[in-house]
Every structure is written in C-alpha cells, then in structure tokens.
1. Look through the stretch 177-209, keep the residues that are crowded, with 16+ Cβ neighbours inside 10 Å and charged (D, E, K, R), and return whichever of them is nearest to S138 (Cα to Cα).
2. From the set of residues in the stretch 49-62 that are surrounded by fewer than 18 Cβ atoms within 10 Å (Cβ to Cβ) and within 18 Å of the chain's Cα centre (by Cα), which is nearest to R13 (Cα to Cα)?
3. Taking the residues in the stretch 101-160 that are β-branched (V, I, T) and buried (at least 17 other Cβ atoms within 10 Å of the Cβ) as candidates, determine which candidate is farthest from E77 (Cα to Cα).
4. In this structure, is P81 touching a Cys at 6+ places or on another chain (Cβ under 7 Å) and either within 25 Å of I32 (Cα to Cα) or free of Cβ contacts under 8 Å to residues at least 12 places away in the same chain (or both)?
5. Name the one entry in L105, L112, L120 that is within 18 Å of the chain's Cα centre (by Cα), in a loop (DSSP other than H, G, I, E, B) and in contact (Cβ under 8 Å) with a residue 12 or more places away in the chain.
6. Only one of G140, G63, G154 is outside any helix (DSSP H, G or I) and either touching a residue at least 60 places away in the same chain (Cβ under 8 Å) or under 22 Å from M172 (Cα atoms) (or both). Can you tell me which?
7. Select, from S97, S153, S141, S127, the only residue that is in contact with an Asp or Glu (Cβ under 9 Å, 6 or more places away or on another chain) and at pLDDT 95 or above.
Amino acid sequence: MSATPHPAISQTRHLSHAWGNHVLFEGLSIAIPAGVTLVQGDEQTGKTTLLRILAGELAPSGGWVETQGQRADKQPETYAPMVFRTDPLHTALDQTSPSAWFNTLPDCYPLLNPGMLGALVKDFGLSPHMDKPLYMLSAGSRRKVWISAALASGAALTLIDQPFAALDGPSMRLLREVLQDFSEQAGRACVIADYEAPEGVPLASTIHL
C-alpha cells in the first residue's frame, strides 16, 4: 500500500481470509485515510471480499476492522451507520423504488446530505426513474442509484465496487468529478475497488491485492 501522511478513517490489523484452500490475503494491516482509496487487483484476488469485510458484512478468518474507533466485530450496531457499501446486485430491494428507499436512509445514516442526494439524482438523470421499482431499472441506472445514496450518505467509510461498470460516458465523467471533490474532503474515506485507477482522481492510498 502506498504511504500517506493523512490520519486513518478506518484500519485493519492482521486481516486474513480464505475461500476453502484459496488464501485471498493474510496478515493484511492497512490504514485508510480520508479521501479516495483504490483497492486494485485482478479477478478473484479478493477486492469485493475486502469491501464486504470492511463493511462488517463478512467476518474475516482472522484479524479485525476498525472505523473511527469502532470495531466491526465488537460494536456492530454503532459500526453500521459509519459504513455504506454499494451492492447493485442486491435483490432485496427489487420491489422498492429509489424514492422509497432514499426516504429510509436518514434513519440509518443521520449525516445524510439531502441536497447532495437530490443533485446527484438530477445530474445522473435518475429523476424519471425515481418511482419505478429497482428491478425495472437498467444495470447502469441501478448502479447510479446506489452510488448516489453512498456518496450522499455522510458515512465515514464509503465502499464502492467497480463504480464505473455499466455507466454511460456522461455519468462516468460526472462520477470522476464527484470523486475528485471527495478526494479533498476531511473526515470521510471512499474506497473503490477496480482493475485500474480512475482517470483524474487523486488517490490518497492504493491497496494492491
């Protein structure tokens, strides 16, 4: 991982995980600073798995994760509102509209920024789709819904898996601009998992898997 002078928003200590006999990582100790961090690796190297562990959704084989002083394994109820992980493939919300889902977010994320959320909905062209169930949306539109919620959530740790997948050209440019702005924020970390670094986005840190 590249060195950084910024204070850590989140960190892992001696993190290990394996699927069967396939070891993804072992003894992984990282510090995630404010700004944008890239988790970079090829297929089956553990990018999504690491994001799920950072989100507290998956217990590692060994080690632990902490965000702003809260351990994912020891304080799950206080840990959850600090972290937002996008999951466009999640099916539990298929019958729910973006509008209805967004209305539930302040209960989970008290620092949600409604103004930012509204601006992202408009700029991503989501306004015509806000009252449609998610299953009716294209893969790109579903991803834009999740990304909008994540970036506006106010969560200290925002986790986005392959943020540019299925996005059209204008949406990719918009997302790069938003991530550029995010890179200058203090107190929030955005971790993106992808095969390569996003063009024009300053990275606070890179984790190579």
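The values are calculated or read from the model by the stated rules, or taken from the named source; none is laboratory data. Note that this is a predicted model, so its numbers are computed, not measured. Virtual Cβ from ideal backbone geometry, glycine too; neighbours counted across all protein chains shown. The area values use the complete protein model at the heavy-atom level, side chains included, leaving out ligands, DNA and RNA. Shrake-Rupley method; radii C 1.70, N 1.55, O 1.52, S 1.80 Å.
1. Across the stretch 177-209, the extreme among qualifying residues is D194.
2. Among them, the one singled out is A59.
3. In this case the residue turns out to be V121.
4. yes
5. L112
6. G154
7. One residue alone meets the criteria, S97.
Residue-wise test of (1) on the phi < 0 side of the Ramachandran plot; (2) free of Cβ contacts under 8 Å to residues at least 24 places away in the same chain.
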{"residue": "G69", "(1), (2)": "no, yes"}
{"residue": "A92", "(1), (2)": "yes, yes"}
{"residue": "W101", "(1), (2)": "yes, no"}
{"residue": "P128", "(1), (2)": "yes, yes"}
{"residue": "A149", "(1), (2)": "yes, no"}
